[in-house]
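Everything on this sheet refers to the single structure shown next.
The values are calculated or read from the model by the stated rules, or taken from the named source; none is laboratory data. This one's a predicted model, so the numbers in the text were calculated from it and none came from an experiment. As a convention, Cβ positions derive from the backbone with ideal geometry for all residues, glycine included, and neighbour counts pool all protein chains shown.
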Amino acid sequence: MSLAAQTKRNYFQSVKFKKRLVKALVTIILISGSLLILSPIWWMVSTSLKSMQEIMTYPPTFIPEEWHFENYIETIHKGPFLRYTLNTVLITFCVVIGNVLANSFIAYGFSKIAFKGRNILFAIVLVTMMIPGFVTLIPQYVLYAKLGWLNTYLPLILPAFFGSAFYIFLLRQFYLTIPNELIEAAKMDGASHLYIWWKIIVPLSKPAIATVAIFSFNGAWNDFLGPLLFINDERLYTLQLALQVFKGQNDTQWNYLMAGSLMALLPVILIFFLFQRYFIEGMNLSAGSKG
Amino acid sequence: MQPTLEQKQKSQTNIKSKKPKIPFKQKEQLQGYMFVAPWIIGFVVFLAGPLLFSLYGSFTNFNITSTMDFIGLDNYKRMFTNDNIIWISLGNTLYYVVISVPLTTAGAILLAVLLNQGIRGMRVFRTIYYLPAVLSGVGVYLLWMQLLSPSSGLVNTLLSWVGIEGPSWLADPAWTKPALILMKMWSVGGGMLLYLASLQSVSPSLYEAAEIDGASAFQKFRHITLPMITPVIFFDIVTSTIGAFQIFQEGYVMSKSGDGGPANSLVFFNLHMWNKAFEVFDMGYAMAMSWILFIIILVLTVINLKLAPRWVHYEGEDQK
């Protein structure tokens, strides 16, 4: 009896020990993985501060021997980057506004009003997510060309005001968690749907709307395909387009290229660290519905 | 749902008695359509219309300046008889899909499982691993072109530490696609986040019960964790397959002036389509190509859906 109890205790002790060992091992793996994941970003920073001569030395250095902060000034002077930045800010701002307004409006219709054909329409919304974008690319190009909208920002901005399947889906998921009683009560008080949407649902769904705003900021800021197709005029270039042209002009000037890339990525990195919660909530919102 | 309907009917009768001309139900219907109207308009103008145009256009010799002459199946025939590049592009695309989708899926699951071991600093790790997934665009491609630079890049430097002489990546036709897959692996944290959310919703009581039965760590993973996250795996595989088939920007930006890299090794299906449509303005042909891609994606998605019941485990009562 006592022997059995003894071995049992030992067994539990060893399990505890094993669990600790596993945790330590996992932590070590995750730390090394983190270093590996972060190393490209450090490499970008370090390369952007090196002289070309140092970049070409072998073996490469991890920390610049001399810090050439003037690389950034020189990069900015290589083209009208301020203009490109303002262009990108303008487009991104409009796209975010459009996406937030349109998708929260549309998602309200799909989640809080009962009307004939709603389920079929929503099924179509979901199906559209599977259609490859390139199928409609050429017709859209032709459409905008016929309308004389090439070399304007309209093709980049306007579609954002007509909803996007993924965001409608995301916001609808969130709206479904808002109790209908709230809406019924407001209706009893004579509130219209428009009022309920703007005054009750939008304030209640700030986290989900923030997620949509951040995702669409990211999408618009990094959009390359749209500007590549619709914008030819150099003065209208976005940062992404300018970077691609910059790449062609400074083929192996890695310090300038990295400085430019880092400057283009910086707003996204900042927003990520400031609003990380919303990124993760957005992902969880879409993951939770896959069950 | 039920109380809502009752209330609705109640208020319906209320309003009916006041304003008999517009029945409440109809008003409600109209408002519903008003709210989804922007999407309907957008759907018609930006999607359904273009789809129809593209379908018809794929049977014409449309090149933006000419009239659209109906030429039957000529475009589709030309793909099989008069275009070698399209087969190379299809091969490149399949290569990328077949390797990158399983690798990123497995990598994301592995990372999520590691992060879910109740270790300290989980949130910090999660932030670090997720960061690359939010970075995209030309800046990232330029960064990777530098990282993959044969002599001065980070990747080959790290490889040399473990005694491996790295390949010349984007300059070597055999290594261009592995290079893009490596880049894709960097952002594996996006998928990880999905799996992590799903892992955290698995009830601990299941593991406790298995532990009492003496299940090993691997058995617990194989028989509890894996089945519980199959819905997310399924979703991830379906969406990332669709996404991977449409790879374009990487090939366009990371080859010199969009020419498709050494020995056409980065000419993906969409890049070839792009060149046909906007370089030589063979738009009818490009639209036919887009439908072939659409059909491939559709068939694969349907196969995925058909295969799902065999391995995807749905917790019937677990859904909210």
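Away from chain B (no Cβ under 12 Å) and more than 30 Å from B:Ser66 (Cα to Cα), is that true of A:Lys78? Talk me through it step by step, then tell me what you get.
Details: away from chain B (no Cβ under 12 Å): yes; more than 30 Å from B:Ser66 (Cα to Cα): yes.
Criteria met by A:Lys78.
Condition test on B:Leu94, is it over 30 Å from B:Gln219 (Cβ atoms), more than 8 Å from every other protein chain (Cβ to nearest Cβ) and without any contact (Cβ under 8 Å) to a residue 60 or more places away in the chain?
yes
Where the second residue is of a type in the set (Asp, Glu) and the first is touching a residue at least 40 places away in the same chain (Cβ under 8 Å) and lies in the stretch A:211-227, which pairs have Cβ atoms under 7 Å and are six or more apart or on separate chains?
So the pair list comes out as A:Thr211/A:Glu281.
Test A:Leu243 against the stated conditions and say whether it is surrounded by fewer than 17 Cβ atoms within 10 Å (Cβ to Cβ) and either modelled with pLDDT under 95 or within 8 Å of chain B (Cβ to nearest Cβ) (or both). Spell out how you get there, then give the answer.
Working: surrounded by fewer than 17 Cβ atoms within 10 Å (Cβ to Cβ): no; either modelled with pLDDT under 95 or within 8 Å of chain B (Cβ to nearest Cβ) (or both): yes.
In short, no.
Within the stretch A:198-213, restricting attention to residues that are of a type outside the set (S, T, N, Q) and buried (at least 23 other Cβ atoms within 10 Å of the Cβ), which residue is nearest to B:Tyr141 (Cα to Cα)? Spell out how you get there, then give the answer.
Within the stretch A:198-213, the first condition is being of a type outside the set (S, T, N, Q), and the residues that meet it are A:198-204, A:206-210, A:212-213.
Next, from what is left, pick out any that are buried (at least 23 other Cβ atoms within 10 Å of the Cβ): A:201, A:208-209, A:212.
Details: A:Ile201: 40, A:Ala208: 30, A:Ile209: 30, A:Val212: 25 Å.
Per the criteria, the residue is A:Val212.
Say whether the condition of being part of a helix (DSSP H, G or I), in the same structural domain as A:Pro155 (by TED's automatic domain parsing) and more than 22 Å from A:Phe93 (Cβ to Cβ) is met by at least one residue in the stretch A:204-212.
Yes, the stretch A:204-212 contains a residue that is part of a helix (DSSP H, G or I), in the same structural domain as A:Pro155 (by TED's automatic domain parsing) and more than 22 Å from A:Phe93 (Cβ to Cβ).
Is one or more of the residues making up the stretch A:19-33 charged (D, E, K, R), exposed (fewer than 14 other Cβ atoms within 10 Å of the Cβ) and part of a helix (DSSP H, G or I)?
Checked the stretch A:19-33: at least one residue is charged (D, E, K, R), exposed (fewer than 14 other Cβ atoms within 10 Å of the Cβ) and part of a helix (DSSP H, G or I).
Search the stretch A:270-281 for residues that are more than 8 Å from every other protein chain (Cβ to nearest Cβ) and pair each with any residue that is crowded, with 16+ Cβ neighbours inside 10 Å when their beta-carbon atoms are under 6 Å apart and the residues are at least 6 apart or on different chains.
Note: pairs meeting the criteria are A:Phe275/A:Ile214; A:Tyr278/A:Ala210; A:Tyr278/A:Thr211; A:Tyr278/A:Ile214; A:Glu281/A:Thr211.
Do the conditions hold for A:Ala160, that is, is it buried (at least 18 other Cβ atoms within 10 Å of the Cβ), in contact with a Pro (Cβ under 6 Å, 6 or more places away or on another chain) and either of a type outside the set (Ser, Thr, Tyr) or modelled with pLDDT of 95 or more (or both)?
So A:Ala160 does not fit the description; no.
Restrict the check to the stretch B:160-177 and report whether at least one residue is out of contact with any Ser or Thr (no Cβ under 6 Å at 6 or more places or on another chain), of a type in the set (D, E, K, R) and at pLDDT 95 or above.
yes
I need the full set of residues from the stretch A:180-213 which are facing chain B (nearest Cβ under 9 Å) and either among the acidic types (Asp, Glu) or under 21 Å from A:Phe279 (Cα atoms) (or both), in order please.
Result: A:Glu181, A:Glu184.
Out of the stretch B:23-70, which residues are assigned to a helix (DSSP H, G or I), more than 9 Å from chain A (Cβ to nearest Cβ) and hydroxyl-bearing (Ser, Thr, Tyr)?
Correct list: B:Tyr56 only.
Can you list the helices (runs of 4 or more DSSP H) lying wholly within the stretch A:114-179 that have 3 or more residues being without any contact (Cβ under 8 Å) to a residue 60 or more places away in the chain, on the phi < 0 side of the Ramachandran plot and facing chain B (nearest Cβ under 8 Å)? Walk me through how you get there before you give the answer.
On the way: elements: A:118-128, A:134-147, A:154-157, A:165-175.
Result: A:118-128, A:134-147.
Looking at (1) farther than 30 Å from A:Phe174 by Cβ; (2) modelled with pLDDT of 95 or more; (3) within 9 Å of another protein chain (Cβ to nearest Cβ); (4) surrounded by 17 or more Cβ atoms within 10 Å (Cβ to Cβ), which is the only condition A:Asn87 fails?
All conditions pass for A:Asn87, except number (3).
Among the candidates B:Ser205, B:Ser216, B:Ser187, which residue alone is among the small types (Gly, Ala, Ser) and under 30 Å from A:Met130 (Cα atoms)?
Within the list B:Ser205, B:Ser216, B:Ser187, the selection yields B:Ser187.
Restricting attention to the stretch B:166-195, which residues are part of a loop (DSSP other than H, G, I, E, B), under 19 Å from B:Ile247 (Cα atoms) and more than 13 Å from chain A (Cβ to nearest Cβ)?
Hits for the stretch B:166-195 are B:Pro173, B:Ala174, B:Trp175.
In the stretch B:226-263, which residues are away from chain A (no Cβ under 12 Å) and buried (at least 20 other Cβ atoms within 10 Å of the Cβ)?
Hits for the stretch B:226-263 are B:Ser240, B:Gly251, B:Gly260, B:Gly261.
Please note which helices (runs of 4 or more DSSP H) are completely contained in the stretch B:196-294 and include at least 1 residues that are among the aromatic types (Phe, Trp, Tyr) and modelled with pLDDT of 90 or more.
Of the helices (runs of 4 or more DSSP H) lying wholly inside the stretch B:196-294, those with at least 1 residues that are among the aromatic types (Phe, Trp, Tyr) and modelled with pLDDT of 90 or more span B:226-245, B:249-254, B:269-274.
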